[in-house]
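Have a look at the structure below, then the notes.
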Amino acid sequence: MVKKIGRNDPCFCGSGKKYKQCCINKQRKTDKDPKKLYSRVYNINLKNKKDIEGIRKTGLLVIATLNEAENFIKAGVTTDYLDKIIHDFTIKNNAKPATLGYRGFPKSSCISVNEVVCHGVPGDRVIEDGDIVNIDITSILNGYYADASKTYFVGTPKKDAEKIVKIAQHAIMIGKNTVKPGNKVGDIGWAIQNYAEKNGCSVVRNFVGHGTGFDFHEEPQIPNFGRKKTGIELVEGMVFTIEPMINLGKKEIKILSDGWTAVTKDGFLSAQFEQTIVVTKDGCEALTPYDLT
């Protein structure tokens with residue numbers, strides 16, 4: 001249930017204003033159902049059991065696709081070659097790649113190597129021994145979306161590569177561990193940022209996690225940085241991604257001339273892991289499950 005608050009209490013939206021000066025006029029006495037309240041106030045579509053099962057099936061396909069692509073990651077192959085593997089496997093399993101054609105994006109996955117933070121457009125870049133490669137896949141199956149990514153080592157990793165991948169992997173796990181009803185969106189970002197910065201890394205601010213399930217990108221946004229006990233309260237049925245982008249150097253990025261590929265401004269390595277999460281009665285569940293230990 002959504003906790004009832006007084007007129008002079010801080011507004012539940014995280015604005016910092018009193019409830020009577022903020023969202024009181026938006027809330028109707030008839031809104032006793034969190035699903036109606038969250039839809040109207042936040043434009044968040046809470047998912048029911050049927051929806052969650054549909055997203056879970058898509059999520060399992062996304063993980064199977066990542067596992068298929070992993071079999072072909074090696075020095076000497078191009079990112080375009082890996083994208084074709086991903087595309088063909090997705091179609092073979094009666095699904096659609098959500099990225100293909102999305103706002104003009106030309107490929108079926110995002111593949112980001114070394115200094116590429118995210119949204120790497122597969123092409124003629126040849127993967128080399130010692131690289132780190134992030135593969136980000138979003139699939140649509142029976143109308144449901146799920147989104148996940150992993151960062152892989154190619155051959156023998158260098159110490160810097162081992163460090164950034166380990167921290168990114170632990171960061172998503174730490175963020176995920178904060179997800180339960182009653183906590184706030186800001187708790188997730190604070191946990192990720194605090195961990196990354198304590199380990200001498202930085203958190204990209206330009207891109208964040210997001211709601212998903214019915215569409216590629218839905219509300220709410222899930223920043224990988226923030227303050228404790230701020231933002232929207234988490235409730236059962238919320239489905240969103242946690243996807244921290246962690247840089248070995250500074251947090252600043254730049255977009256290349258293709259309009260998509262984001263790279264670290266200082267040229268240092270960046271790594272990312274992503275899972276689609278559902279808030280459950282007692283905590284959360286990954287609908288794109290893979291081992292984070």
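Computed values, structure above
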| item | result |
| --- | --- |
| Count - residues of segment 260-293 that are in contact with a Phe, Trp or Tyr (Cβ under 8 Å, 6 or more places away or on another chain) and either crowded, with 17+ Cβ neighbours inside 10 Å or part of a strand (DSSP E or B) (or both) | 5 |
| Segment 261-293: number of residues that are under 24 Å from residue 53 (Cβ atoms) and over 15 Å from the mean Cα position of the chain (by Cα) | 5 |
| Flag if residue 72 is open to solvent by 60 Å² or more (accessible area, probe 1.4 Å) and touching a helix residue (DSSP H, G or I) at 6+ places or on another chain (Cβ under 9 Å) | yes |
| In segment 152-179, the residues that are in contact with a Leu (Cβ under 7 Å, 6 or more places away or on another chain) and outside any helix (DSSP H, G or I) | 179 |
| Some residue of segment 205-213 being in contact with a helix residue (DSSP H, G or I) (Cβ under 7 Å, 6 or more places away or on another chain) and either touching a residue at least 40 places away in the same chain (Cβ under 8 Å) or open to solvent by 10 Å² or more (accessible area, probe 1.4 Å) (or both) | yes |
| Residue match in segment 159-175 (condition: closer than 22 Å to residue 57 by Cα and either of a type in the set (Ser, Thr, Tyr) or in contact with a Lys or Arg (Cβ under 9 Å, 6 or more places away or on another chain) (or both)) | no |
| Residue match in segment 124-139 (condition: open to solvent by 60 Å² or more (accessible area, probe 1.4 Å), on the phi < 0 side of the Ramachandran plot, touching a residue at least 24 places away in the same chain (Cβ under 8 Å) and in a helix (DSSP H, G or I)) | no |
| Any pair with Cβ under 6 angstrom, 6 or more apart, that starts in segment 172-197 at a residue that is under 16 Å from residue 238 (Cβ atoms) and hydroxyl-bearing (Ser, Thr, Tyr) and ends at one that is open to solvent by less than 50 Å² (accessible area, probe 1.4 Å) and part of a helix (DSSP H, G or I) | 178/187; 178/188; 178/191 |
| Condition broken by residue 254, with the remaining ones in (1) at negative phi; (2) part of a loop (DSSP other than H, G, I, E, B); (3) basic (Lys, Arg) satisfied | (2) |
| Segment 214-240, residues that are surrounded by fewer than 24 Cβ atoms within 10 Å (Cβ to Cβ) and in contact with a Ser or Thr (Cβ under 8 Å, 6 or more places away or on another chain) | 216, 218, 236 |
| Boolean, residue 85 is open to solvent by 10 Å² or more (accessible area, probe 1.4 Å) and within 15 Å of the chain's Cα centre (by Cα) | no |
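The values are calculated or read from the model by the stated rules, or taken from the named source; none is laboratory data. All values reported here derive from a predicted model rather than from experimental measurement. Don't worry about glycine lacking a Cβ; one is built from the backbone with ideal geometry, like all the others, and counts go over all protein chains shown. Accessible surface is based on the protein model in full, side chains and every heavy atom, while ligands, DNA and RNA are left aside. Shrake-Rupley method; radii C 1.70, N 1.55, O 1.52, S 1.80 Å.
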